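The values are calculated or read from the model by the stated rules, or taken from the named source; none is laboratory data. The structure presented is a predicted model; accordingly, all values stated were derived computationally and were not measured. Every residue, glycine among them, receives a Cβ derived from its backbone with ideal geometry; neighbour counts consider all protein chains shown.
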Amino acid sequence: MLVRALYVSRAVGPQTGTVTAQILAAAQAHNAEHGVSGVLCQGQGLYLQVLEGERAAVNQLYAQILLDRRHRDVQMLSFEEISERRYASWSMAHVHLPDDDAMVRMQHPEFDPYSATGAFVLKLVDELLAGGHRIDKPA
Ligand SMILES: Cc1cc2nc3c(=O)[nH]c(=O)nc-3n(C[C@H](O)[C@H](O)[C@H](O)COP(=O)(O)O)c2cc1C
């Protein structure tokens, strides 16, 4: 049974390239092995991550991610059964949340992921991917 989970969290400390590289390296190694795909968006001190895969694998990974001290205030925004993956081609795509994009300015109440609906945030992630904000494309 396939599921898709979406969560938001706040970075602890600055979101430097080194921290990102470490997270992505773990994601690329672990996720491919466990059949998990998804997208990690970062910027403005936030992480938004979509995890897709077998329910047990996604739950296990999420439990591990919850314990990670590089972020806090981890909140699940949506968890649903799916018939197919949306991000099958990436073990973990990486997207930057631009500071200068009015669409994603967190000052706008509509764009605060902690108060927006999961469906809304998922749509935002899709728009960021489609809009060329993808930073890299892991194999
Ligand atoms: C925002 C965020 C996203 C993460 N995403 C993943 C992920 O998709 N896959 C993964 O294996 N680890 C991810 N991690 C890292 C895990 O929390 C954990 O550190 C890692 O899986 C442990 O790997 P290790 O046993 O090789 O040290 C993420 C961490 C953070 C802070």
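For segment 48-69, the condition of being touching a strand residue (DSSP E or B) at 6+ places or on another chain (Cβ under 6 Å), more than 20 Å from Gln28 (Cβ to Cβ) and among the polar types (S, T, N, Q) holds for none of the residues.
Being assigned to a strand (DSSP E or B), surrounded by 14 or more Cβ atoms within 10 Å (Cβ to Cβ) and at pLDDT below 90 narrows it down to one residue among Val95, Val3; which is it?
Step by step, each of Val95, Val3 is checked, and only Val95 is assigned to a strand (DSSP E or B), surrounded by 14 or more Cβ atoms within 10 Å (Cβ to Cβ) and at pLDDT below 90.
Inside segment 39-65, can you point out the residues that are within 20 Å of Tyr114 (Cα to Cα) and within 8 Å of the ligand (Cβ to nearest atom)? Listed by number, the residues that qualify are Leu40, Gln42, Tyr47, Gln49, Leu51, Ile65. If only residues of segment 107-123 that are closer than 12 Å to Gln44 by Cβ and in contact with a Phe, Trp or Tyr (Cβ under 9 Å, 6 or more places away or on another chain) are counted, the one that is modelled with the highest pLDDT is Pro113. Filtering segment 33-57 to residues that are of a type in the set (A, V, I, L, M), surrounded by 15 or more Cβ atoms within 10 Å (Cβ to Cβ) and more than 14 Å from Tyr87 (Cα to Cα) leaves Leu46, Leu48, Ala57.
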